[in-house]
Amino acid sequence: MAKARDYKKEYKKFQSSKASKKKRAKLNAYNRKKKTYGNGDGLDASHKGGKIRGFETEKKNRGRKEKSRLKGSKRKKTTTRKKK
């Protein structure tokens, strides 16, 4: 039987990488520069294609599919829950 994935550990490892920290710092600096950091307007600096492309809603920006979830990815598929 396959070992269960530890998602908390995976998330922590990814978020603590140098690349993730650099990307997050860049987006936060952009938000601060535009005076939108922490003001509750519901907007994020959009990061399409690895570049900052202005602002869009948090929901749309954070909900975008990751490359690892796109068709043709080499990522191991996990089982999903069935809809009721």
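The values are calculated or read from the model by the stated rules, or taken from the named source; none is laboratory data. Bear in mind that the values here come from a model prediction, so they are computed numbers and not experimental data. Every residue, glycine as well, gets a Cβ built from its backbone with ideal geometry; the counts of neighbours run over all protein chains shown.
Before we move on, is residue 27 surrounded by 13 or more Cβ atoms within 10 Å (Cβ to Cβ), under 13 Å from the mean Cα position of the chain (by Cα) and aliphatic (A, V, I, L, M)?
Judged against the criteria, residue 27 is a match.
Yes/no matrix, rows are residues, columns are (1) touching a helix residue (DSSP H, G or I) at 6+ places or on another chain (Cβ under 9 Å); (2) of a type in the set (Gly, Ala, Ser); (3) at pLDDT 80 or above:
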| residue | (1), (2), (3) |
| --- | --- |
| 35 | no, no, yes |
| 38 | yes, yes, yes |
| 46 | yes, yes, yes |
| 49 | no, yes, no |
| 60 | no, no, yes |
| 65 | no, no, no |
| 77 | no, no, no |
